[in-house]
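Engineer: Structure in structure tokens, see below.
The values are calculated or read from the model by the stated rules, or taken from the named source; none is laboratory data. Nothing here was measured: the structure is a model prediction, and the numbers come from that model. Cβ: placed from backbone, ideal geometry, glycine included. Neighbour counts: every protein chain shown. Ligands, DNA and RNA are stripped out before the accessible areas are found, and what is left, the full protein with its side chains, is counted by its heavy atoms. Shrake-Rupley method; radii C 1.70, N 1.55, O 1.52, S 1.80 Å.
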Amino acid sequence: MLSMIGLAGGLILLIVLTMRGMNLLVAGPLCALFVALLSGMPLFPQLVAEGESNFLTNYMTGFSGFITSWFPMFLLGAIFGKVMEDSGAADSVSKWLVQKFGIKKAVLAIVLACAVLTYGGVSLFVVAFSVYPMALSLFKQADLPRRFIPAALAFGSVTFTMTSAGSPEIQNWIPIEHLGTSPYAGWEVSLIVAVFMAVFGYWWLKRMINKAVGKGERFEARESDPVVADRELPKPFMGAIPLLVVLVISFVFHDQLMTSALIIALLGGIITTYLLNRKYFLNFGKAMSEGTIGALIAIGNTAAVVGFGGVAKAVPAFNVAVDAMTSIPGSPLLGGAIAVSVIAGITGSSSGGQVIALPLIAPHYLDMGVNAEALHRTVAISSGALDSLPHNGYVVTTIRGICGETHKAAYGPVGIVTVIVPLIGLAIAIALFSLGLGI
């Protein structure tokens, strides 16, 4: 009982402290310590036998493991975003988009840019780094409240593209090894749900922005923003080529190198930006330096939350919660969706929710005769809902590390488009599969 109180209390505390703006490098381990203490977990490795769980080891394993896996991508992604900004390439592409879409479609342009990159195989974190400079320029030209930039980036990245059939993102690939399906499992239902989430989510996002503008909110410039003086900019296609290079290289090498393909892709994007637009740079060295600092802050914040998940997964209450979620009576699709969603919410990770739940629920449901393709798509969509609570690594990185906003100002819109909209899409998917569509 104490362990369950610790797990639930630690999660709530982490969300509250995150929303109040506490530094995550403090909030993450503090909340993990709360979970460990109420669960009776030893604090140090010296107090347990070799290999046994303890607070310090479990937290730091999660923390350092994330940095080990993702630092090259964070570093190159942040530098790529900065060189696109400093060279004027981002401004050039954004002005071209404004001319094509119209200033009133600035938000749509950002969402589409994120969607194309995400569906092309570029990591969600890297998409945020890459598109942010363009989004900042577009919001400034359109005079829209900048606190909605994280929602626009997240909506185009982690909703209708991340979990859809055919997506190269890991959330669509994890179920394959457990269910023997393909990336296109349940594509008919997936297409309907993706279209719904795209249309409904965009309508809701625009409605929130228009309401804020109606109340007098406008774009507020900051000293840290890039100075947009009357300067010569690259041709739009010269600014777009580096984005295409990242997209094409990551797509070509995705199956062979998986996430490591991003290292080559982003390096290619940085080199291409420099070679094509080197005469337009204001200060290439400063852009590299600022990108490096930004990457360190972003990955540190995210790793702090991942470390919390490392402790949460090791306490007795977590296994009890998993058993309860995977034993829910009624529709197997509903039970599977709830299990994955709740675990993703606790760990703050969509992929984590799948990795933990699927080995437990897949054999059980397949033995019951549940359609594997329907389960695949349901699990994929459900993983992309409650995972986006305030403590989620991507959410923290995008709001704080990349956009420089506070959770209090920016999370509301993010939560609506990345939690509520996917949950509605999940309900539609379960209903359609229950009616026999795509089975």
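Engineer: Consider ILE361 carefully, then state whether it is in contact with a helix residue (DSSP H, G or I) (Cβ under 7 Å, 6 or more places away or on another chain), farther than 15 Å from SER434 by Cα, at pLDDT below 85 and not in a helix (DSSP H, G or I).
Structural biologist: For ILE361, the condition - in contact with a helix residue (DSSP H, G or I) (Cβ under 7 Å, 6 or more places away or on another chain), farther than 15 Å from SER434 by Cα, at pLDDT below 85 and not in a helix (DSSP H, G or I) - is not met.
Engineer: Within the range 244-266, track down each residue that is closer than 17 Å to PHE74 by Cβ and touching a helix residue (DSSP H, G or I) at 6+ places or on another chain (Cβ under 6 Å).
Structural biologist: VAL246, SER250, ALA261, LEU262, ILE263, ILE264, ALA265, LEU266
Engineer: If you don't mind, another one. Kindly list the number of the only condition in (1) more than 21 Å from the chain's Cα centre (by Cα); (2) among the hydroxyl-bearing types (Ser, Thr, Tyr); (3) open to solvent by less than 20 Å² (accessible area, probe 1.4 Å) that fails for SER130.
Structural biologist: The failed condition is (1).
Engineer: While we're on this one: Can you tell me which residue is modelled with the lowest pLDDT among those in the range 1-12 that are open to solvent by 60 Å² or more (accessible area, probe 1.4 Å) and assigned to a helix (DSSP H, G or I)?
Structural biologist: LEU2
Engineer: Given the residues ALA221, ALA185, ALA212, which is the only one that is aliphatic (A, V, I, L, M), more than 21 Å from TRP173 (Cβ to Cβ), outside any helix (DSSP H, G or I) and in contact (Cβ under 8 Å) with a residue 40 or more places away in the chain?
Structural biologist: ALA221
Engineer: Could you identify the single residue in LEU112, LEU138 that is surrounded by fewer than 24 Cβ atoms within 10 Å (Cβ to Cβ) and either acidic (Asp, Glu) or more than 21 Å from ILE263 (Cα to Cα) (or both)?
Structural biologist: LEU112
Engineer: Let me ask another. Got a sec? Which helices (runs of 4 or more DSSP H) wholly within the range 38-142 have at least 3 residues that are closer than 27 Å to ASN392 by Cα?
Structural biologist: 55-86, 106-119, 124-142
Engineer: Got a sec? Which of PHE155, PHE160, PHE148 is buried (at least 24 other Cβ atoms within 10 Å of the Cβ) and more than 24 Å from LEU262 (Cα to Cα)?
Structural biologist: The unique qualifying residue is PHE148.
Engineer: Something else now. Give the number of residues within the range 285-333 that are under 30 Å from CYS31 (Cα atoms) and either touching an Asp or Glu at 6+ places or on another chain (Cβ under 9 Å) or assigned to a helix (DSSP H, G or I) (or both).
Structural biologist: Of the residues in the range 285-333, 32 are under 30 Å from CYS31 (Cα atoms) and either touching an Asp or Glu at 6+ places or on another chain (Cβ under 9 Å) or assigned to a helix (DSSP H, G or I) (or both).
Engineer: Next up: Quick one: GLU290 ticks every box in (1) at pLDDT 80 or above; (2) buried (at least 24 other Cβ atoms within 10 Å of the Cβ) except a single one, so which number is it?
Structural biologist: Just one mismatch for GLU290, condition (2).
Engineer: If I filter the range 37-52 for residues that are crowded, with 20+ Cβ neighbours inside 10 Å, more than 30 Å from ARG207 (Cα to Cα) and free of Cβ contacts under 8 Å to residues at least 40 places away in the same chain, do I get at least one hit?
Structural biologist: Yes, the range 37-52 has at least one match.
Engineer: Go through the residues of the range 378-400 one by one and say whether even a single one is surrounded by fewer than 24 Cβ atoms within 10 Å (Cβ to Cβ) and of a type in the set (Asp, Glu).
Structural biologist: No, because not a single residue in the range 378-400 is surrounded by fewer than 24 Cβ atoms within 10 Å (Cβ to Cβ) and of a type in the set (Asp, Glu).
Engineer: Something else now. Pairs needed: first member in the range 266-281, without any contact (Cβ under 8 Å) to a residue 40 or more places away in the chain and under 13 Å from GLY239 (Cα atoms); second member anywhere, in a helix (DSSP H, G or I) and of a type outside the set (A, V, I, L, M, F, W, C); C-beta distance under 9 Å; at least 6 residues apart or different chains.
Structural biologist: Every condition considered, the pairs that remain are ILE271/PRO242; THR272/PRO242.
Engineer: With the checklist (1) in contact with a Gly (Cβ under 9 Å, 6 or more places away or on another chain); (2) surrounded by fewer than 17 Cβ atoms within 10 Å (Cβ to Cβ); (3) small (Gly, Ala, Ser) in hand, flag the one item ALA194 doesn't pass.
Structural biologist: Just one mismatch for ALA194, condition (2).
Engineer: Exactly one condition in (1) more than 18 Å from the chain's Cα centre (by Cα); (2) aliphatic (A, V, I, L, M); (3) outside any helix (DSSP H, G or I) is false for MET162; which is it?
Structural biologist: MET162 satisfies every listed condition except (1).
Engineer: Right, here's the next one. Looking at (1) in a helix (DSSP H, G or I); (2) of a type outside the set (Gly, Ala, Ser); (3) at pLDDT 80 or above, find the lone condition where LEU282 falls short.
Structural biologist: Exception for LEU282: condition (1).
Engineer: Related question: Can you confirm whether the range 254-262 contains a residue that is more than 23 Å from VAL116 (Cβ to Cβ), part of a helix (DSSP H, G or I) and open to solvent by less than 20 Å² (accessible area, probe 1.4 Å)?
Structural biologist: There is no residue in the range 254-262 that is more than 23 Å from VAL116 (Cβ to Cβ), part of a helix (DSSP H, G or I) and open to solvent by less than 20 Å² (accessible area, probe 1.4 Å).
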